[in-house]
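Before any comments, here is the structure.
Bear in mind that the values in this text are calculations on the coordinates, not laboratory data. Given the structure is predicted, the values throughout are model-derived calculations rather than measurements. All Cβ positions, even for glycine, are placed from backbone atoms using ideal geometry, and neighbour counts span all protein chains on display.
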Amino acid sequence: MAKKLALMIVKNMEKHYGVDSHKKPAKSAIPDSQIFYLYNDLHPGKKMKLLFTNSGTKVSFLPRRVAESIPFSSDEFPEILKYFSLQVNSKEAQIISDEIGNCESPNMEGEEKYCATSLESLIDFNVARLGQNVQVLSTEPGKKQEYTVSAKAEMRGEHKAAVCHKIRYPYAVHYCHVIEGTEVYVVPLIAAGGAEVKAVTVCHLNTSAWSPDHMAFEVLKIKPGPAVCHFLATDTLIWVPKKDQDMTP
């Protein structure tokens with residue numbers, strides 16, 4: 001039963017992810033909307049052209065018992081392909097290989113990460129690190145247009161948060177990471193036509209350990225080190241302890 005469900009899901013991967021979605025963007029593929037910004041740039045009245053994207057996948061969680069029965073590691077890659085009846089050179093196989101590789105890549109300095117393959121494991125990871133008194137935040141959907149920051153951003157979590165990105169996989173898997181020196185804010189935005197959006201943004205206070213080739217540095221024309229902030233996709237889940245305060249700037 002579990003395998004039939006997983007096979008049904010994997011057949012929809014190409015439709016959900018797109019033909020070339022497994023290809024990583026070129027370094028020169030600078031976004032034409034303002035994803036990244038400097039820490040002191042966000043204030044009431046600030047205008048920003050934004051596009052609130054998502055991972056492109058609509059797949060759901062499998063029950064923990066089912067998810068834990070499915071191979072999930074680079075060492076088990078042949079078994080994964082066999083389980084999903086995939087050819088080694090297929091687009092779907094490349095997507096799976098890329099995402100598992102990201103899950104197994106070395107941690108950055110001050111980072112703790114985990115790929116949660118079920119809702120239960122997602123909750124366990126975050127509660128173990130943040131405690132049981134937590135709240136889960138996400139960005140509200142909004143179309144691509146110019147927005148104005150309508151009020152002061154509210155800080156959530158007081159320098160402690162876990163950010164969980166939904167990855168491209170046959171069933172719901174979240175790449176969760178806790179990074180030291182991270183601040184989370186909820187930003188009230190309003191569009192010219194009056195549409196209102198509450199967006200979640202993350203600020204990394206020390207980027208000295210980031211790769212010099214990170215897109216943020218190219219977009220902002222800076223070198224590693226200064227605080228960098230960015231908005232999050234609408235299906236990214238941000239877990240924070242329940243405590244609020246205004247943004248510092």
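Worth pointing out:
- Derived scalar couplings ³J(HN,Hα) [the range 148-155; Karplus, 6.51 cos²θ - 1.76 cosθ + 1.60; whole Hz; x for Gly, Pro]: 10, 5, 8, 7, 5, 5, 9, 6
- For the range 43-110 versus the range 191-205, the spacing of their alpha-carbon centroids is 26 Å.
- 22 Å Cα cut-off, lysine pairs counted over the range 92-249 (separation 8 or more, or different chains): 19
- In summary, the aspartates and glutamates within cross-link reach of K58, defined as a Cα separation below 15 angstrom excluding same-chain residues under 8 places away, comprise E14, D235.
- Residues K46, K160, K221, K242, sorted so that the one with the fewest Cβ neighbours within 10 Å comes first: K221, K242, K46, K160
- The range 163-221: relative contact order as a whole-number percent, Cα under 8 Å and 6+ apart: 23
- Per-residue Karplus couplings for the range 77-82, computed as 6.51 cos²θ - 1.76 cosθ + 1.60 with θ equal to phi - 60°, are listed in order as 4, x, 5, 5, 4, 5 Hz, Gly and Pro entered as x.
- For T234, the amide hydrogen comes within under 5 Å of the amide hydrogens of T53, N54, counting only partners 5 or more places away or on other chains and with H modelled in the peptide plane.
- Our estimate of slack between D98 and K46, defined as 0.36 nm per intervening residue step minus the Cα-Cα distance, is 15.0 nm.
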